[in-house]
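The values are calculated or read from the model by the stated rules, or taken from the named source; none is laboratory data. Just so we're clear, the structure is a prediction, and the values are computed from it rather than from any experiment. FYI the Cβ positions are ideal-geometry reconstructions off the backbone, even for glycines, and counts take in every protein chain you see. The protein model used for the area step is the full one, side chains on, heavy atoms only, and it has no ligands, DNA or RNA in it. Shrake-Rupley method; radii C 1.70, N 1.55, O 1.52, S 1.80 Å.
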Amino acid sequence: MAPRGFAIGAAAAGGGHHLEQDYPDPFTFDHTYRGVLAEHFSSLTPENQLKWEFVHPERHKYNFGPADAIVRFAQRHGQKVRGHTLLWHSQNPAWLNEGNFSAEELRKILKEHIFTVVGRYRGKIHQWDVANEIFDGDGNYRTSENIWLRTLGPGIIADAFRWAHQADPKAKLFLNDFGAEGVNARSTAYLNLVKELRAVGVPVHGFGVQGHLSLAFSFPSDMAANLKRFDDAGFETAVTEVDVRIPLNGGTATEEQLRTQADYYRQAVEACLSVRGCTSFTVWGTTNRYSWVPVFFPNEGEATIFTDDFRPKPAYTALQTALAKARR
Ligand code: XIL
(Lines give C-alpha, C1' and ligand atoms only; values in the text may rest on other atoms or scores of the structure.)
Protein backbone atom coordinates (compact mmCIF):
# COMPACT_ATOMS: atom_id res chain seq x y z
CA MET A 1 0.00 0.00 0.00
CA ALA A 2 2.91 2.36 0.57
CA PRO A 3 3.61 4.90 -2.15
CA ARG A 4 6.66 4.17 -4.29
CA GLY A 5 9.84 5.02 -2.43
CA PHE A 6 8.15 5.24 0.94
CA ALA A 7 9.58 2.63 3.33
CA ILE A 8 7.65 0.93 6.10
CA GLY A 9 10.13 -0.29 8.66
CA ALA A 10 10.30 -2.41 11.77
CA ALA A 11 12.88 -2.89 14.48
CA ALA A 12 14.49 -6.33 14.16
CA ALA A 13 14.07 -7.71 17.67
CA GLY A 14 17.10 -8.90 19.62
CA GLY A 15 19.61 -7.87 22.29
CA GLY A 16 18.70 -5.24 24.90
CA HIS A 17 15.71 -6.19 27.04
CA HIS A 18 15.16 -9.40 25.04
CA LEU A 19 18.21 -10.93 26.70
CA GLU A 20 16.34 -11.03 30.01
CA GLN A 21 13.13 -12.60 28.66
CA ASP A 22 12.13 -16.25 28.65
CA TYR A 23 12.30 -16.64 24.88
CA PRO A 24 15.27 -17.08 22.54
CA ASP A 25 16.54 -14.28 20.31
CA PRO A 26 13.45 -13.41 18.21
CA PHE A 27 15.19 -12.43 14.99
CA THR A 28 17.33 -15.58 15.01
CA PHE A 29 14.87 -18.18 16.25
CA ASP A 30 11.24 -17.15 15.68
CA HIS A 31 10.40 -18.32 12.20
CA THR A 32 6.90 -16.82 12.18
CA TYR A 33 8.29 -13.49 13.32
CA ARG A 34 10.89 -13.48 10.54
CA GLY A 35 8.12 -14.16 8.06
CA VAL A 36 6.17 -11.17 9.36
CA LEU A 37 9.21 -8.93 8.97
CA ALA A 38 9.75 -10.15 5.43
CA GLU A 39 6.12 -9.91 4.39
CA HIS A 40 4.97 -6.58 5.82
CA PHE A 41 8.05 -4.36 5.92
CA SER A 42 10.39 -2.73 3.43
CA SER A 43 12.97 -1.50 5.93
CA LEU A 44 14.60 -2.93 9.06
CA THR A 45 16.41 -1.31 11.96
CA PRO A 46 18.49 -3.53 14.25
CA GLU A 47 16.83 -2.84 17.60
CA ASN A 48 20.01 -3.28 19.65
CA GLN A 49 22.47 -5.20 17.52
CA LEU A 50 24.43 -2.13 16.38
CA LYS A 51 24.53 -0.39 19.73
CA TRP A 52 27.95 -0.14 21.36
CA GLU A 53 27.37 -2.64 24.19
CA PHE A 54 26.24 -5.22 21.68
CA VAL A 55 28.47 -4.68 18.65
CA HIS A 56 31.62 -3.58 20.53
CA PRO A 57 31.55 -5.59 23.78
CA GLU A 58 35.29 -5.40 24.44
CA ARG A 59 37.76 -2.72 23.56
CA HIS A 60 39.43 -4.72 20.84
CA LYS A 61 36.55 -7.01 19.92
CA TYR A 62 33.53 -6.45 17.71
CA ASN A 63 30.49 -8.71 17.53
CA PHE A 64 29.10 -8.29 14.03
CA GLY A 65 27.33 -11.64 13.55
CA PRO A 66 23.79 -10.58 14.57
CA ALA A 67 23.83 -7.29 12.63
CA ASP A 68 25.33 -9.06 9.60
CA ALA A 69 22.43 -11.52 9.71
CA ILE A 70 19.87 -8.70 9.69
CA VAL A 71 21.59 -6.94 6.81
CA ARG A 72 21.75 -10.19 4.80
CA PHE A 73 18.06 -10.88 5.50
CA ALA A 74 17.19 -7.36 4.38
CA GLN A 75 19.15 -7.76 1.16
CA ARG A 76 17.47 -11.06 0.44
CA HIS A 77 14.05 -9.47 0.88
CA GLY A 78 14.75 -6.21 -0.93
CA GLN A 79 14.59 -4.18 2.28
CA LYS A 80 16.48 -1.09 3.32
CA VAL A 81 18.38 -0.92 6.59
CA ARG A 82 18.63 1.97 9.07
CA GLY A 83 21.73 1.92 11.26
CA HIS A 84 21.20 2.69 14.96
CA THR A 85 23.33 4.20 16.54
CA LEU A 86 26.91 5.54 16.83
CA LEU A 87 26.96 8.19 19.55
CA TRP A 88 24.55 7.84 22.49
CA HIS A 89 24.56 8.14 26.26
CA SER A 90 22.89 4.76 26.78
CA GLN A 91 23.77 1.09 26.19
CA ASN A 92 27.49 1.68 26.17
CA PRO A 93 29.75 -1.18 27.33
CA ALA A 94 31.32 -1.18 30.80
CA TRP A 95 34.82 -1.10 29.33
CA LEU A 96 33.94 2.28 27.81
CA ASN A 97 31.99 3.78 30.72
CA GLU A 98 34.49 2.66 33.33
CA GLY A 99 37.68 2.96 31.34
CA ASN A 100 38.78 6.39 32.65
CA PHE A 101 39.94 7.29 29.19
CA SER A 102 41.50 10.66 28.46
CA ALA A 103 39.79 12.97 25.97
CA GLU A 104 42.38 12.08 23.39
CA GLU A 105 41.84 8.34 23.86
CA LEU A 106 38.05 8.65 23.73
CA ARG A 107 38.20 10.59 20.51
CA LYS A 108 40.37 7.89 18.99
CA ILE A 109 38.02 5.17 20.27
CA LEU A 110 34.96 6.85 18.75
CA LYS A 111 36.68 7.48 15.44
CA GLU A 112 37.86 3.89 15.17
CA HIS A 113 34.39 2.59 16.10
CA ILE A 114 32.64 4.73 13.49
CA PHE A 115 35.09 3.85 10.73
CA THR A 116 34.88 0.15 11.59
CA VAL A 117 31.10 -0.14 11.95
CA VAL A 118 29.97 2.26 9.21
CA GLY A 119 32.74 1.01 6.93
CA ARG A 120 31.66 -2.61 7.33
CA TYR A 121 28.16 -1.81 6.05
CA ARG A 122 29.20 0.68 3.40
CA GLY A 123 26.58 0.61 0.64
CA LYS A 124 24.31 -1.65 2.71
CA ILE A 125 22.96 0.69 5.38
CA HIS A 126 21.32 3.66 3.72
CA GLN A 127 20.64 5.83 6.79
CA TRP A 128 22.53 6.08 10.05
CA ASP A 129 21.34 7.56 13.32
CA VAL A 130 24.78 9.01 13.88
CA ALA A 131 23.85 10.75 17.14
CA ASN A 132 20.92 9.70 19.31
CA GLU A 133 19.18 11.66 22.07
CA ILE A 134 21.81 14.36 22.58
CA PHE A 135 19.38 17.04 23.85
CA ASP A 136 17.14 17.07 26.91
CA GLY A 137 13.58 18.40 26.93
CA ASP A 138 14.79 21.96 27.38
CA GLY A 139 16.98 21.70 24.31
CA ASN A 140 20.25 21.52 26.29
CA TYR A 141 22.98 18.98 25.57
CA ARG A 142 22.76 15.92 27.84
CA THR A 143 26.29 16.64 28.96
CA SER A 144 26.36 14.84 32.30
CA GLU A 145 24.89 11.55 30.99
CA ASN A 146 26.67 11.40 27.66
CA ILE A 147 30.29 10.28 27.91
CA TRP A 148 31.19 11.83 24.56
CA LEU A 149 29.65 15.23 25.24
CA ARG A 150 30.96 15.24 28.81
CA THR A 151 34.55 14.50 27.89
CA LEU A 152 34.86 15.96 24.42
CA GLY A 153 32.24 18.72 24.29
CA PRO A 154 29.50 19.18 21.67
CA GLY A 155 32.08 19.65 18.90
CA ILE A 156 32.38 15.85 18.83
CA ILE A 157 28.97 15.67 17.11
CA ALA A 158 30.38 17.30 13.98
CA ASP A 159 33.36 14.95 14.01
CA ALA A 160 31.09 11.91 14.31
CA PHE A 161 29.21 13.01 11.19
CA ARG A 162 32.43 13.72 9.30
CA TRP A 163 33.85 10.28 10.17
CA ALA A 164 30.63 8.49 9.26
CA HIS A 165 30.58 10.32 5.94
CA GLN A 166 34.18 9.34 5.20
CA ALA A 167 33.39 5.73 6.06
CA ASP A 168 30.33 5.64 3.76
CA PRO A 169 29.98 8.73 1.55
CA LYS A 170 26.57 7.64 0.23
CA ALA A 171 24.87 6.95 3.56
CA LYS A 172 22.36 9.53 4.77
CA LEU A 173 23.34 10.75 8.20
CA PHE A 174 20.72 11.58 10.82
CA LEU A 175 20.17 12.90 14.29
CA ASN A 176 17.39 11.12 16.16
CA ASP A 177 15.39 11.67 19.35
CA PHE A 178 12.14 11.06 21.25
CA GLY A 179 9.83 13.78 22.48
CA ALA A 180 10.75 15.77 19.39
CA GLU A 181 7.69 14.91 17.29
CA GLY A 182 5.99 18.27 17.76
CA VAL A 183 7.33 21.80 17.73
CA ASN A 184 9.07 22.18 21.09
CA ALA A 185 12.37 23.18 22.72
CA ARG A 186 13.99 19.84 21.88
CA SER A 187 13.00 19.70 18.22
CA THR A 188 13.94 23.37 17.85
CA ALA A 189 17.39 22.63 19.26
CA TYR A 190 17.77 19.96 16.54
CA LEU A 191 16.61 22.30 13.80
CA ASN A 192 19.13 24.89 14.92
CA LEU A 193 21.87 22.29 15.19
CA VAL A 194 21.39 20.79 11.71
CA LYS A 195 21.44 24.28 10.22
CA GLU A 196 24.58 25.22 12.14
CA LEU A 197 26.33 22.01 11.14
CA ARG A 198 25.41 22.41 7.49
CA ALA A 199 26.58 26.04 7.53
CA VAL A 200 30.10 24.87 8.38
CA GLY A 201 30.06 22.03 5.85
CA VAL A 202 29.32 19.08 8.13
CA PRO A 203 27.60 16.22 6.23
CA VAL A 204 24.29 16.02 8.09
CA HIS A 205 21.25 15.02 6.07
CA GLY A 206 18.26 14.52 8.28
CA PHE A 207 16.41 14.31 11.53
CA GLY A 208 14.48 11.33 12.87
CA VAL A 209 11.61 11.63 15.29
CA GLN A 210 11.29 8.41 17.23
CA GLY A 211 7.54 8.48 17.87
CA HIS A 212 7.30 6.70 21.20
CA LEU A 213 3.77 7.86 21.94
CA SER A 214 1.28 7.07 24.70
CA LEU A 215 -2.47 7.38 25.00
CA ALA A 216 -1.74 9.02 28.37
CA PHE A 217 -0.78 12.12 26.34
CA SER A 218 -2.60 13.74 23.48
CA PHE A 219 -1.20 13.21 20.00
CA PRO A 220 1.41 15.87 19.11
CA SER A 221 -0.88 17.62 16.64
CA ASP A 222 1.94 19.85 15.37
CA MET A 223 3.99 16.86 14.20
CA ALA A 224 3.41 17.65 10.52
CA ALA A 225 4.31 21.31 11.14
CA ASN A 226 7.48 20.22 12.91
CA LEU A 227 8.56 17.88 10.10
CA LYS A 228 7.74 20.60 7.59
CA ARG A 229 10.15 23.08 9.13
CA PHE A 230 12.98 20.57 8.64
CA ASP A 231 11.72 19.92 5.11
CA ASP A 232 11.56 23.65 4.38
CA ALA A 233 15.14 24.02 5.59
CA GLY A 234 16.19 21.32 3.10
CA PHE A 235 16.64 18.38 5.46
CA GLU A 236 15.29 14.87 5.22
CA THR A 237 13.13 13.50 8.00
CA ALA A 238 12.11 10.04 9.17
CA VAL A 239 9.80 8.57 11.74
CA THR A 240 12.06 5.99 13.25
CA GLU A 241 10.63 4.13 16.28
CA VAL A 242 6.86 4.35 16.49
CA ASP A 243 4.84 2.66 19.18
CA VAL A 244 1.73 3.87 20.97
CA ARG A 245 1.50 2.74 24.59
CA ILE A 246 -1.84 2.03 26.18
CA PRO A 247 -2.25 2.62 29.92
CA LEU A 248 -3.39 -0.81 31.13
CA ASN A 249 -2.77 -0.91 34.88
CA GLY A 250 -2.94 -4.68 34.87
CA GLY A 251 -5.97 -4.98 32.58
CA THR A 252 -6.27 -5.43 28.82
CA ALA A 253 -6.85 -2.81 26.14
CA THR A 254 -10.47 -1.86 25.44
CA GLU A 255 -11.90 -1.62 21.91
CA GLU A 256 -12.02 2.12 22.33
CA GLN A 257 -8.37 2.32 23.36
CA LEU A 258 -7.41 0.23 20.32
CA ARG A 259 -9.35 2.62 18.09
CA THR A 260 -7.67 5.65 19.63
CA GLN A 261 -4.32 3.95 19.25
CA ALA A 262 -5.07 3.32 15.58
CA ASP A 263 -5.82 7.00 15.21
CA TYR A 264 -2.42 7.94 16.70
CA TYR A 265 -0.66 5.63 14.24
CA ARG A 266 -2.69 7.12 11.40
CA GLN A 267 -1.88 10.69 12.38
CA ALA A 268 1.80 9.85 12.75
CA VAL A 269 2.10 8.26 9.29
CA GLU A 270 0.04 11.06 7.74
CA ALA A 271 2.39 13.64 9.26
CA CYS A 272 5.32 11.87 7.62
CA LEU A 273 3.49 11.48 4.30
CA SER A 274 2.66 15.19 4.31
CA VAL A 275 6.27 16.28 3.80
CA ARG A 276 8.34 15.41 0.78
CA GLY A 277 11.52 14.55 2.61
CA CYS A 278 9.98 12.08 5.05
CA THR A 279 10.48 8.76 3.29
CA SER A 280 10.29 6.16 6.01
CA PHE A 281 8.02 5.19 8.88
CA THR A 282 9.40 2.56 11.23
CA VAL A 283 7.54 0.79 14.03
CA TRP A 284 9.51 -0.21 17.15
CA GLY A 285 8.20 -3.72 17.54
CA THR A 286 5.53 -5.87 15.96
CA THR A 287 3.85 -7.76 18.82
CA ASN A 288 3.47 -6.84 22.46
CA ARG A 289 5.27 -10.07 23.31
CA TYR A 290 8.55 -8.71 21.96
CA SER A 291 7.97 -5.03 22.66
CA TRP A 292 10.25 -3.09 25.01
CA VAL A 293 7.21 -1.20 26.34
CA PRO A 294 5.94 -3.63 29.03
CA VAL A 295 9.52 -3.92 30.34
CA PHE A 296 10.26 -0.18 30.46
CA PHE A 297 6.77 1.22 31.21
CA PRO A 298 5.29 -1.12 33.84
CA ASN A 299 1.67 0.13 33.68
CA GLU A 300 1.51 0.45 29.91
CA GLY A 301 1.59 -1.99 27.02
CA GLU A 302 -0.10 -3.25 23.86
CA ALA A 303 1.81 -0.53 21.98
CA THR A 304 2.29 -2.44 18.71
CA ILE A 305 0.31 -3.01 15.49
CA PHE A 306 0.01 -6.83 15.68
CA THR A 307 -1.51 -9.08 18.33
CA ASP A 308 0.68 -11.69 20.00
CA ASP A 309 -0.25 -14.20 17.31
CA PHE A 310 0.49 -11.68 14.55
CA ARG A 311 -3.04 -10.77 13.65
CA PRO A 312 -3.36 -7.14 12.50
CA LYS A 313 -4.78 -4.78 15.12
CA PRO A 314 -6.87 -1.71 14.19
CA ALA A 315 -3.58 0.25 14.15
CA TYR A 316 -2.30 -1.96 11.32
CA THR A 317 -5.42 -1.38 9.25
CA ALA A 318 -5.29 2.36 9.94
CA LEU A 319 -1.73 2.53 8.63
CA GLN A 320 -2.69 0.53 5.57
CA THR A 321 -5.64 2.81 4.80
CA ALA A 322 -3.55 5.97 5.26
CA LEU A 323 -0.89 4.60 2.93
CA ALA A 324 -3.40 3.60 0.29
CA LYS A 325 -4.89 7.11 0.32
CA ALA A 326 -1.53 8.87 0.19
CA ARG A 327 -0.92 11.09 -2.80
CA ARG A 328 2.78 11.56 -3.39
C1 XIL B 1 15.30 0.10 23.33
C2 XIL B 1 15.18 -1.34 22.89
O3 XIL B 1 13.94 -1.53 22.24
C4 XIL B 1 15.32 -2.28 24.08
O5 XIL B 1 15.41 -3.62 23.63
C6 XIL B 1 16.56 -1.94 24.90
O7 XIL B 1 16.59 -2.75 26.07
C8 XIL B 1 16.56 -0.47 25.29
O9 XIL B 1 16.46 0.32 24.11
N10 XIL B 1 15.01 5.06 21.99
C11 XIL B 1 15.94 4.46 21.19
C12 XIL B 1 16.00 2.98 21.13
O13 XIL B 1 16.66 5.14 20.44
O14 XIL B 1 17.31 2.52 20.88
C15 XIL B 1 15.45 2.33 22.37
O16 XIL B 1 15.39 0.91 22.17
C17 XIL B 1 14.09 2.89 22.69
C18 XIL B 1 14.17 4.38 22.94
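For the stretch 290-304, the tally of residues that are open to solvent by less than 10 Å² (accessible area, probe 1.4 Å) and either over 17 Å from the mean Cα position of the chain (by Cα) or in contact (Cβ under 8 Å) with a residue 60 or more places away in the chain (or both) stands at 3.
With respect to being open to solvent by less than 10 Å² (accessible area, probe 1.4 Å), more than 16 Å from C278 (Cα to Cα) and without any contact (Cβ under 8 Å) to a residue 60 or more places away in the chain, V209 falls outside the description.
Considering the stretch 11-64, the qualifying helices (runs of 4 or more DSSP H), each wholly inside and each with 2 or more residues that are within 15 Å of T287 (Cα to Cα), run over 26-29, 31-40.
Of all residues in the stretch 280-289, which are open to solvent by 10 Å² or more (accessible area, probe 1.4 Å) and either at pLDDT below 95 or closer than 16 Å to G9 by Cα (or both)? Those that are open to solvent by 10 Å² or more (accessible area, probe 1.4 Å) and either at pLDDT below 95 or closer than 16 Å to G9 by Cα (or both): W284, G285.
For the stretch 167-206, the candidate set comprises residues that are crowded, with 20+ Cβ neighbours inside 10 Å and acidic (D, E); within that set, the residue that is nearest to the ligand (Cβ to nearest atom) is D177. Cβ separations smaller than 7 Å between residues 6+ apart or across chains give the following pairs from the stretch 1-29 residues that are farther than 18 Å from T240 by Cα and within 12 Å of the ligand (Cβ to nearest atom) to residues that are open to solvent by 40 Å² or more (accessible area, probe 1.4 Å) and among the acidic types (D, E): H18/D25. Within the stretch 80-90, is even one residue of a type in the set (S, T, N, Q), in a loop (DSSP other than H, G, I, E, B), in contact with a Gly (Cβ under 6 Å, 6 or more places away or on another chain) and within 16 Å of the ligand (Cβ to nearest atom)? No: the stretch 80-90 contains no residue that is of a type in the set (S, T, N, Q), in a loop (DSSP other than H, G, I, E, B), in contact with a Gly (Cβ under 6 Å, 6 or more places away or on another chain) and within 16 Å of the ligand (Cβ to nearest atom).
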